[in-house]
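Remarks on the structure that follows.
FYI, it's all coordinate maths here, none of it is from the lab. If you're wondering where the values come from, they're calculated on a predicted model, not measured in any experiment. Here the Cβ is made from the backbone with ideal geometry for all residues, glycine too, and neighbour counts use every protein chain on show.
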Amino acid sequence: MDCNGYRQENHDQNLFPKPKVLVLEPPPVFKFHEDKLSQKFHFLKAWDSPLPLDQFLTTHAHSVQAILSHGTCPVTTNTIRLLPSLGLIVTTSSGLNQIDLQECRRRGVSVAYAGSLFSADVADIAVGLLIDALRKISAGNHYVTQGLWANNGDFSLGSKLGGRKVGIVGLGSIGLEVGKRLESFGCNILYSSRNKKSSVSYPYYSNVCELAANCEVLIICCELNDQTRHMINKEVLLASGKKGLIINVGRGAIIDEQEMVRCLIQGEIAGAGLDVFENEPHVPSELIALDNVVLSPHRAVHTEETLMALVELVMGNLEAFFSNKPLLSPVILDE
Amino acid sequence: MESIGVLMTCPLHDPYLVEQLEKRFTLFKFHSIPDKAHFLNSNKASIRAVVGSASAGADAKLIHQLPNLEIVSSFSVGLDKIDLAKCRERGIRVTNTPDVLTDDVADLAIGLMLAVLRRLCQSDRYVRSGQWKRGEYKLTTKFTGKSVGIIGLGRIGLAIAKRAEAFSCPISYHTRAEKSDVKYKYYPSVVELAANCQILVVACALTEETRHIINREVINALGPKGVLINIGRGPHVDEPELVSALVEGRLGGAGLDVFQDEPNVPEELFGLENVVLLPHVGSGTMETRKEMADLVVGNLEAHFLNKPLLTPVL
């Protein structure tokens with residue numbers, strides 16, 4: 001670039017400085033795409049500072065208008081109250097339980113999220129974990145790579161997926177994608193959700209326990225909130241029966257994990273495929289010891305393609321906010 | 001029918017099948033007989049049926065040694081271990097187990113695709129070994145929307161296509177002749193199909209023509225971002241070529257349920273994170289194996305009672 005060009009860019013930079021965005025904890029997307037995001041925005045990194053959060057906010061972020069958050073990074077009432085100019089919280093997650101939405105509503109703070117960006121990837125993992133659990137794909141691969149097929153003979157039989165009744169807990173964007181996929185495998189889809197969905201012909205159960213009693217596979221696709229915390233409890237697990245399988249791609253705390261472990265050990269349910277746990281990254285050692293369980297390190301959304309799309313979405317939402325345009329993926333806050 | 005001799009040529013351990021056969025016939029388990037030549041000499045007159053599978057059936061040599069053989073009932077849908085020409089010549093009936101295993105094999109094909117692209121097996125190990133406590137698992141490749149190319153569009157090929165469509169995967173295929181009633185894109189050669197899809201699935205029968213249908217040229221066309229799924233037969237693939245392509249990174253990944261010389265699998269593949277290896281479990285569910293066994297026994301019974309065969313090939 002020649003001297004004139006350089007001066008022009010610097011001049012523009014002073015006239016139009018990069019908008020400031022507060023980040024409390026680094027979102028996973030930073031690990032791969034911080035450079036790209038930093039081209040357009042100046043990030044105030046609370047976690048990098050020696051100051052406790054409250055002090056950091058009042059000292060360095062008092063005038064900040066936007067926060068970039070992620071799924072496990074709480075944006076509390078307190079934080080929001082310390083930021084009088086806050087107008088937007090962008091989260092890289094589609095889940096919202098980490099944000100005090102009531103306070104946002106009260107203050108008129110907009111929230112943008114990942115919407116249905118991840119739905120296909122999460123649905124793919126849900127179906128993958130289910131096929132793996134039933135057909136013992138991870139266990140079979142382990143059998144071969146440990147040299148056991150040549151030495152010990154035939155591997156044990158799995159169970160057929162086709163014809164099974166599958167209960168989807170939470171028929172939002174992810175649940176619908178799961179249902180669509182499993183229908184093609186010849187599964188019969190049932191569901192439970194906060195409300196019955198008139199546009200869908202799957203049989204509806206208002207009660208998760210009843211759903212469990214009427215199907216052989218439960219797939220958890222709902223969000224974590226006060227109503228769904230430990231919703232999958234002893235009663236529900238026992239209702240799904242000894243051939244029941246549970247797949248969780250929602251949040252660990254939706255299931256009473258200790259109870260699920262007990263049921264698995266005692267054969268009250270047949271198996272599980274889990275991408276999420278109550279206390280990540282810690283997984284109960286009893287689960288690790290079981291061979292009828294497939295484990296996944298909370299990465300249902302972590303594909304290269306989707307992460308790229310997420311970066312574009314985050315940037316698009318921030319750009320829209322700072323230029324007073326409609327957000328690309330706003331959360332509807334009035335309920 | 002107890003005096004009818006049935007020779008089981010495959011090392012089948014399916015207890016239900018064995019039990020059902022022993023109830024009705026005199027069952028000989030060829031695999032566990034030490035002196036096979038002597039055994040055949042002494043018992044050939046009484047053997048009127050052979051039960052085979054994907055691992056062993058009835059080749060020309062065996063058929064020649066069984067003068068009273070009337071029927072070969074295979075515990076598989078594949079017929080590559082049976083000398084069909086010889087059977088035709090001798091008027092020997094042949095049956096297999098179509099339809100009952102279609103869903104299971106198609107389910108497994110999709111399961112392998114998901115396992116390879118989303119690293120299901122590796123990430124399961126990652127959690128079990130405690131590595132998750134030290135850091136997040138890396139990014140994987142999205143499956144939804146990837147283009148899937150299918151070699152062979154019979155029952156199993158179509159079932160795979162139907163499932164992949166639910167994941168918004170564009171479908172293309174190659175068969176001997178283009179199918180007029182099918183909406184998927186046709187490619188007249190396997191190489192062209194491989195060059196135009198991201199996931200290539202082998203779902204055709206193993207015959208003289210399809211042996212090594214996956215060769216170096218096809219593997220190169222599929223390329224370093226391409227994934228091969230084999231739920232057909234090991235000999236569909238030039239295995240040493242496949243191994244070197246995977247080891248050298250010329251092929252993006254593979255999900256294999258079948259191998260050249262089962263149960264022996266090339267050990268160079270064991271440590272590759274983009275490869276999933278299964279011990280030939282395509283039809284390996286309790287439900288389907290029972291249905292297959294019922295078909296094998298049902299066909300034999302029908303034959304010896306002079307009734308129409310349930311699922312005849314010849």
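Within 10 Å of each Cβ of A:158-167, how many other protein chain Cβ atoms are there on average? Numbers along the way, then the final one.
Numbers: counts 10, 6, 12, 9, 9, 2, 0, 0, 0, 0.
Per residue, the number of nearby Cβ atoms from other chains is 5 on average.
Over chain A, what is the relative contact order in whole percent, taking alpha-carbon pairs under 8 Å and six or more residues apart? Before the final figure, lay out the partial values.
Working: 561 pairs, mean separation 48.8, N = 335.
Value for chain A: 15 percent.
Using the Cα centre as the reference, give the magnitude of the dipole from point charges on the C-beta atoms of chain B (Lys, Arg: +1; Asp, Glu: -1; all else neutral), rounded to the nearest 20 debye. Numbers along the way, then the final one.
Details: 36 positive and 37 negative charges, 97 e Å.
It works out to roughly 460 debye.
With an 8 Å Cα cut-off and a minimum separation of 6 or more residues, compute the relative contact order for chain B in percent. Walk me through the intermediate numbers first.
Numbers: 592 pairs, mean separation 53.0, N = 314.
Answer for chain B is 17 percent.
Set the Förster radius R0 to 35 Å, insert the Cβ-Cβ distance between B:E165 and B:A85 as r into 1/(1 + (r/R0)^6), and round the FRET efficiency to 0.05.
E(calc), rounded to 0.05, equals 0.40.
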Cross-link candidates for B:K86: which aspartates and glutamates have Cα within less than 19 Å, leaving aside residues fewer than 8 places away along the same chain?
B:D59, B:E70, B:E208, B:E209
Once both axes come from the Cα atoms, what is the angle between helix B:155-166 and the longest principal axis of chain B, in degrees from 0 to 90, rounded to 10?
30
Virtual spin-label span in nm between A:K40 and A:K234, 7 Å along Cα→Cβ
5.2
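For every other residue with a beta carbon closer than 10 angstrom to the beta carbon of A:A123, add +1 if it is Lys or Arg and -1 if Asp or Glu, then tell me the sum.
Values: positive: A:K180, A:R181; negative: A:D121, A:D124, A:E177.
Summing Lys/Arg as +1 and Asp/Glu as -1 gives -1.
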In degrees, nearest 10, range 0 to 90: what is the angle between the Cα axis of helix A:28-38 and the longest Cα principal axis of chain A?
30
What residue among B:K61, B:K81, B:K179 shows peak mean-square fluctuation when chain B is described by a Gaussian network model with Cα springs under 10 Å?
B:K61
Taking chain B as a Gaussian network, Cα atoms linked when under 10 Å apart, which of B:Y186, B:Y173, B:Y126 shows the biggest mean-square fluctuation?
B:Y126
Do the alpha carbons of any pairs in A:K40/A:K325; B:K23/B:K290; A:K136/A:K243; A:K136/A:K234; A:K20/A:K40 sit beyond 19 Å of each other, and which pairs?
A:K136/A:K234
Efficiency by 1/(1 + (r/R0)^6): what FRET value for B:K44 and A:Q227, r their Cβ-Cβ distance, R0 = 60 Å, to the nearest 0.05?
0.25
Hey, got the average number of other protein chain Cβ atoms within 10 angstrom for residues in A:302-314?
3
Using a Gaussian network model on chain A with a 10 Å cutoff between Cα atoms, which of A:E304, A:E278, A:E177 fluctuates the most?
A:E304
HN-Hα J in Hz across segment A:221-229 - Karplus 6.51, -1.76, 1.60, θ = phi - 60°, x for Gly and Pro
10, 8, 8, 8, 8, 4, 6, 9, 4
Between helix A:173-183 and chain A, what is the angle of the helix's C-alpha long axis to the longest principal axis, kept within 0 to 90° and rounded to the nearest 10?
30
For residues of A:255-262, the mean tally of beta carbons on other chains within 10 Å:
0
Computed E for A:T59/B:E262 - FRET, C-beta separation, R0 60 angstrom, nearest 0.05:
0.35
Helix-only [θ]222 nm of chain A, DSSP H runs n ≥ 4, -39500 (n - 2.57) each, per residue, nearest 500
-11000 deg cm²/dmol
Post the alpha-carbon centroid distance, segment A:223-295 to segment B:19-50, in whole angstrom.
49
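Applying a 10 Å radius around every beta-carbon, put B:243-250, A:251-258, A:266-273 in order of their mean neighbour count, most first. Mind showing how you got there, number by number?
Numbers: B:243-250: 16.4, A:251-258: 20.9, A:266-273: 19.1.
Packing proxy ranking, top to bottom: A:251-258, A:266-273, B:243-250.
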